[in-house]
Amino acid sequence: MKKAITMEVNGASCQVEVEPWRTLLEVVREELDLTGAKLGCDIQVCGACTLLVDGKPVSACSVLAVDADGHRVTTVEGLADGDRLHPLQEAFMKHGALQCGYCTSGFLLTAKAMLDENPRPDDEQIKSYMGGSFCRCGCYQEIMQAIRSVAQA
Amino acid sequence: MAISERPLSAQDGQRLDYQAKLTGRAAYLADMKMPGVCEGAVLRSPVAHAWVRYVDASEALKVPGVVAVYTKDDVVQGTGIEPYYGPVFKDQTIVAVDKVRHVGDPVAAVAAETREAAEEAANLIVVEYEDLPPVMDVRDSVKEDAVLVHETVRIPEHGFADLAELKPIENTNVCTHFKLRKGDIEQGFAECAHVFEDTFILPTTQHVALEPHGCVAAFQPDGRVNLWSTTQNPFVVRTQLANIFKMPVSKIRIMVPYLGGGYGSKVYPKIEPLTMALAQKAKRPVRILLSREEVFYTVTKHAAFIRMKTGVKADGTFHAREAEVFLDTGAFAEIGPRVAKKSAYTAAGPYKFKHVKIDAKSVYTNKPPAGAFRGFGVSQSAWASESQTDIIAKALNRDPYELRMQNIYDEGDEFVTGEKLWSIGVKDCLEKVAKEMKWGEPPEAPADPSKVRGKGLAALIKATITPSISCAAIKLNEDGSVNVFTSTVEMGQGSDTAMAAIVADTLGISLDQVSVLGVDTDVVPYDLTTSSSRSTFHMGKALELASLDLCEQLRRFVSEEYEVPFEETRMEGGKVLFRESALDIREVLFNHFGMQGGTLVGRGEVKTSTVDPDTGDKTTSSFWFVGAGGSEVEIDKDTGRLRVLKHATAVDVGRVITPLGCQQQLVGGAITGMGQALFEQMVWDNGILVNPNLVDYVLPALGDMPDEITPIPVEVPHKNGPFGAKGIGETSLIPVAPSIANAVDDAVDVRIKDLPVTAEKIFLGMLDK
Ligand code: FES
Ligand code: FES
């Protein structure tokens with residue numbers, strides 16, 4: 001008993017039939033082939049699976065796809081404008097805010113949501129907003145620098 | 001970052017993998033689609049130690065969508081496979097055959113059309129266990145009446161050369177016992193004015209690469225098999241699979257996509273043998289992706305118990321060091337014997353002891369297998385050695401920096417093995433870190449009077465795996481661009497960029513002309529492993545040699561074509577120069593082939609040995625990596641709460657190849673070290689792991705970071721490294737924990753000897769005063 005849901009994903013409307021128990025992460029990765037978001041912990045703590053739903057960060061590993069029915073979803077694949085990288089992507093590149101890249105999609109999207117809410121966060125605000133994402137390669141210092149550089153631009 | 005002058009093709013912020021990784025388009029293992037693939041699920045032991053009496057899969061086979069179930073019957077009577085494997089000893093089986101030896105030990109596996117069906121079926125498999133008492137601590141495990149984890153251990157015919165002398169001790173849980181001796185320890189202690197003895201403990205931890213392990217195996221109609229795997233050493237895995245499945249290595253093809261972190265967790269066979277066995281039985285491609293919980297059961301970092309005794313002369317000269325190091329290798333040897341050996345080499349730290357007696361034992365317990373972890377045994381021995389150095393300094397009323405400088409290795413000093421040490425910038429590292437930490441000045445007074453601050457230092461020396469092999473090839477195309485064939489696995493450390501930069505710099509072409517294929521064992525030449533901080537030094541050198549091979553071929557063409565003596569040609573800036581002329585690579589190729597087209601192949605190989613080929617001297621390590629770290633901490637006197645305010649890390653990198661990659665490795669390693677120092681530990685209760693998830697196993701997050709982590713690359717070139725470069729992947733992690741514990745003692749006079757350094761331990765320590 002699949003259910004048809006409609007979401008706006010990265011600006012384009014899309015319809016998928018999903019079983020009611022499928023997570024948003026599974027559907028985005030497996031049905032829509034948008035694999036930028038990763039499964040890291042499966043219990044809403046690591047941030048690797050973060051997607052934006054109506055502009056707000058959610059842990060897609062712990063959200064049912066059916067609950068995203070009728071909502072707007074942004075994935076890392078939707079950040080760049082054609083060939084032009086998003087300023088956060090540019091900053092991550094410039095400051096070296098990634099190594100293995102497994103956490104990158106989550107950090108970029110969370111940072112985007114934060115800056116959309118508050119374009120001028122201070123360090124403490126950045127640390128608290130971004131506190132729900134882990135980078136195991138240890139790029140925190142570079143991530144701070146990258147986000148700061150966009151926030152101050 | 002300050003860098004010495006050098007031709008540099010890799011600019012700041014330029015990495016070959018960034019475009020793909022930043023746009024979500026880099027394909028990691030779990031992102032790949034494969035038509036017709038079955039999903040695999042593993043049934044794991046719920047108990048730490050038990051005989052497996054029978055396994056009944058009949059109910060599982062009835063679940064719709066199930067394609068195959070793999071149990072011990074398949075291992076024992078199955079398809080003519082060799083049941084036992086393992087990198088050092090053959091003590092592992094694809095699924096448990098006689099006993100389960102830790103919670104999470106694989107007992108059976110199911111392949112099905114969907115993951116749900118596979119998991120449902122796995123849960124319907126009935127297993128009868130006959131419980132045995134588990135041994136969960138090395139101190140219990142080495143007791144004479146301890147229950148045995150392995151009744152017998154099989155030794156492979158062709159093991160690693162550096163571990164050949166190590167054998168399990170029969171009828172004990174001691175997997176290996178490595179002895180290192182120098183001088184006469186008793187005489188040494190007798191000659192000392194002071195003798196110190198302490199015990200240090202480190203808990204089991206886990207790498208937590210954000211990407212869990214995974215593997216896809218697909219047999220071809222002609223009997224060959226393709227695997228995609230999250231492995232750091234595909235060639236070692238290939239050898240192990242060839243032995244298990246009795247196939248020539250040429251029929252096993254392993255491809256490795258980008259890894260989402262490794263840190264040692266992805267070396268040696270992990271889920272590959274089971275995935276391949278299941279695919280063989282299912283006659284379908286099979287994919288197994290481990291859950292986070294399963295990763296905790298797959299590999300860990302060795303817990304350790306270390307007794308350290310040090311004799312010091314009246315003037316502070318380090319004279320005699322005795323250490324007994326027990327490393328908890330868990331249920332299987334894995335690479336534990338080498339971890340213990342490496343730990344032993346550096347249990348005397350980077351200091352000039354005359355008399356040394358080290359006993360490093362790798363010990364079986366009923367915990368998940370412990371394996372390689374960034375720091376590889378040295379973060380364990382350095383925790384003990386560098387903590388004790390400060391204990392000694394305090395007792396002798398000496399400055400810990402001065403005391404270290406008095407005893408630390410210099411160029412040409414004799415190592416504990418008797419060999420001489422060269423290219424050893426440890427003094428320089430310590431000096432630079434001390435300067436960065438404003439050593440000698442008291443810490444700035446905190447505004448809040450309930451807080452106190454302190455500073456601490458630590459230094460280290462570590463070996464790299466020796467002997468080892470790296471082979472490389474590069475292909476020069478008709479337009480002058482280059483394809484690089486290397487088995488170094490890009491797992492975040494920036495190796496693709498470093499390798500491409502070495503090729504570009506050697507040929508004198510720009511970095512954007514160079515592409516790195518990625519790992520495919522059918523195509524790329526052999527490399528032992530992407531670990532032990534060895535890739536830049538070994539593979540980088542092989543690629544430098546491959547590039548020089550190409551240069552020579554190009555010069556030869558020009559020399560023949562234009563009839564100039566070979567010696568009068570040279571290569572510079574991507575051009576062959578001779579007489580007054582300069583031909584670019586493209587023209588040389590065009591002239592040689594007579595048309596646009598053709599390929600030139602350059603080859604390079606590096607094989608290291610335990611004898612220096614130039615001098616005939618013994619070399620335990622093809623290069624030594626050294627460094628130092630310093631921490632400043634602030635402690636809340638009311639609660640013991642600790643904050644690291646600043647950390648500086650100086651690493652002898654030999655030569656910076658890619659400035660960004662270098663910075664990332666230094667800072668990233670230090671952050672991993674902070675997790676180990678402050679938070680991380682796997683906790684067992686009655687043989688059950690209580691925190692195999694990322695809520696209860698605490699990782700460092702952005703908010704835990706110091707205000708500043710300062711990377712300081714120190715360049716003491718090595719004669720055999722590409723452009724003088726050495727490995728840098730592990731160094732910065734090692735001094736973090738002892739430098740923090742030393743800073744804590746400096747601040748509140750509390751000595752923590754068991755990791756992690758928690759607020760509770762500090763608080764209780766302050767209460768005791
Ligand atoms: S995978 Fe969803 S938060 Fe970790
Ligand atoms: S870059 Fe590897 S986890 Fe962040």
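The values are calculated or read from the model by the stated rules, or taken from the named source; none is laboratory data. None of the values given here were measured: they were computed from a predicted structure. For neighbour counting, all protein chains shown are included, and Cβ atoms are generated from backbone atoms with ideal geometry for every residue, glycine included. Accessible surface is based on the protein model in full, side chains and every heavy atom, while ligands, DNA and RNA are left aside. Shrake-Rupley method; radii C 1.70, N 1.55, O 1.52, S 1.80 Å.
Overview of results
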read-out: Subset of segment B:18-29 [facing chain A (nearest Cβ under 7 Å) and part of a helix (DSSP H, G or I)]; value: B:Y18, B:K21, B:L22
read-out: Candidates B:R579, B:R603, B:R570, B:R556 - the one that is open to solvent by 50 Å² or more (accessible area, probe 1.4 Å) and in contact (Cβ under 8 Å) with a residue 60 or more places away in the chain; value: B:R603
read-out: Scope segment B:63-91; condition in contact (Cβ under 8 Å) with a residue 60 or more places away in the chain and more than 36 Å from the chain's Cα centre (by Cα); matching residues; value: B:V63, B:V67
read-out: Of all residues in segment A:5-36 being among the small types (G, A, S) and farther than 25 Å from B:F296 by Cα, the one that is most open to solvent (accessible area, probe 1.4 Å); value: A:S13
read-out: Residues satisfying the stated conditions in segment B:511-532, i.e. in contact with a Gly (Cβ under 8 Å, 6 or more places away or on another chain) and either under 21 Å from B:Q553 (Cβ atoms) or hydrophobic (A, V, I, L, M, F, W, C) (or both); value: B:Q513
read-out: Residue satisfying all of: in segment A:132-147; more than 9 Å from every other protein chain (Cβ to nearest Cβ) and within 16 Å of A:H86 (Cβ to Cβ); surrounded by the most Cβ atoms within 10 Å (Cβ to Cβ) among these; value: A:I147
read-out: Verdict on A:G78 being at pLDDT below 95 and more than 10 Å from ligand 1 (Cβ to nearest atom); value: no
read-out: Among (1) buried (at least 24 other Cβ atoms within 10 Å of the Cβ); (2) assigned to a strand (DSSP E or B) - the single one B:V127 does not satisfy; value: (1)
read-out: Given (1) within 13 Å of chain A (Cβ to nearest Cβ); (2) under 21 Å from the mean Cα position of the chain (by Cα), number of the condition B:P713 does not satisfy; value: (1)
read-out: Residues of segment B:169-188 classified as more than 28 Å from B:H150 (Cβ to Cβ) and either surrounded by 19 or more Cβ atoms within 10 Å (Cβ to Cβ) or among the acidic types (D, E) (or both), total; value: 5
read-out: Scan of segment A:54-73 for residues that are more than 16 Å from ligand 1 (Cβ to nearest atom) and under 15 Å from A:L108 (Cβ atoms), ordered by number; value: A:G55
read-out: Scan of segment B:208-258 for residues that are under 30 Å from B:P700 (Cβ atoms) and either in contact with a Gly (Cβ under 6 Å, 6 or more places away or on another chain) or of a type in the set (F, W, Y) (or both), ordered by number; value: B:A209, B:L210, B:E211, B:T230, B:Q232, B:Y258
read-out: Residues being among the basic types (K, R) and within 16 Å of ligand 2 (Cβ to nearest atom) - total across segment A:42-56; value: 0
read-out: Unique match (being under 23 Å from B:M32 (Cα atoms), of a type outside the set (D, E), within 15 Å of ligand 1 (Cβ to nearest atom) and open to solvent by 60 Å² or more (accessible area, probe 1.4 Å)) among A:L39, A:L109, A:L51; value: A:L39
read-out: Segment B:236-290 - residue that is among the basic types (K, R) and more than 11 Å from B:V216 (Cα to Cα) and, of those, least open to solvent (accessible area, probe 1.4 Å); value: B:K266
read-out: Qualifying residue in segment B:639-658 (condition: open to solvent by 20 Å² or more (accessible area, probe 1.4 Å), more than 27 Å from B:D696 (Cα to Cα) and in contact with a Phe, Trp or Tyr (Cβ under 8 Å, 6 or more places away or on another chain)); value: yes
read-out: Those residues of segment A:129-149 which are within 14 Å of ligand 2 (Cβ to nearest atom) and either among the hydroxyl-bearing types (S, T, Y) or in contact with a Pro (Cβ under 6 Å, 6 or more places away or on another chain) (or both), in sequence order; value: A:S133, A:Y140
read-out: Residue that is nearest to B:Q388 (Cα to Cα), among those in segment B:190-230 that are assigned to a strand (DSSP E or B) and of a type in the set (S, T, N, Q); value: B:T199
read-out: Criterion: open to solvent by 10 Å² or more (accessible area, probe 1.4 Å) and in contact (Cβ under 8 Å) with a residue 40 or more places away in the chain - qualifying residue of B:D328, B:D359, B:D410; value: B:D359
read-out: Selected residue [assigned to a loop (DSSP other than H, G, I, E, B), open to solvent by 20 Å² or more (accessible area, probe 1.4 Å) and away from every other protein chain (no Cβ under 14 Å)] from B:V42, B:V76, B:V55, B:V47; value: B:V47
read-out: Any hit, segment B:205-213, residues being more than 16 Å from ligand 2 (Cβ to nearest atom), more than 14 Å from chain A (Cβ to nearest Cβ) and of a type outside the set (D, E, K, R); value: no
read-out: Tally of residues being open to solvent by 60 Å² or more (accessible area, probe 1.4 Å) and in a loop (DSSP other than H, G, I, E, B) across segment B:418-436; value: 1
read-out: Pairs where the first residue, in segment A:60-79, is within 11 Å of another protein chain (Cβ to nearest Cβ) and the second is open to solvent by 20 Å² or more (accessible area, probe 1.4 Å) and among the acidic types (D, E), C-beta under 6 Å, 6+ apart; value: A:C61/A:D42
read-out: Out of B:V698, B:V744, B:V757, sole residue that is assigned to a helix (DSSP H, G or I) and either on the phi < 0 side of the Ramachandran plot or out of contact with any strand residue (DSSP E or B) (no Cβ under 7 Å at 6 or more places or on another chain) (or both); value: B:V744
read-out: Residue match in segment A:112-131 (condition: within 14 Å of ligand 1 (Cβ to nearest atom) and open to solvent by 10 Å² or more (accessible area, probe 1.4 Å)); value: yes
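Conditions tested, residue by residue: (1) surrounded by 23 or more Cβ atoms within 10 Å (Cβ to Cβ); (2) within 18 Å of B:F537 (Cβ to Cβ); (3) within 14 Å of chain A (Cβ to nearest Cβ).
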residue	(1), (2), (3)
B:K438	no, no, no
B:A447	no, no, no
B:S450	no, no, no
B:R453	no, no, no
B:S487	yes, yes, no
B:T506	yes, yes, no
B:V514	yes, no, no
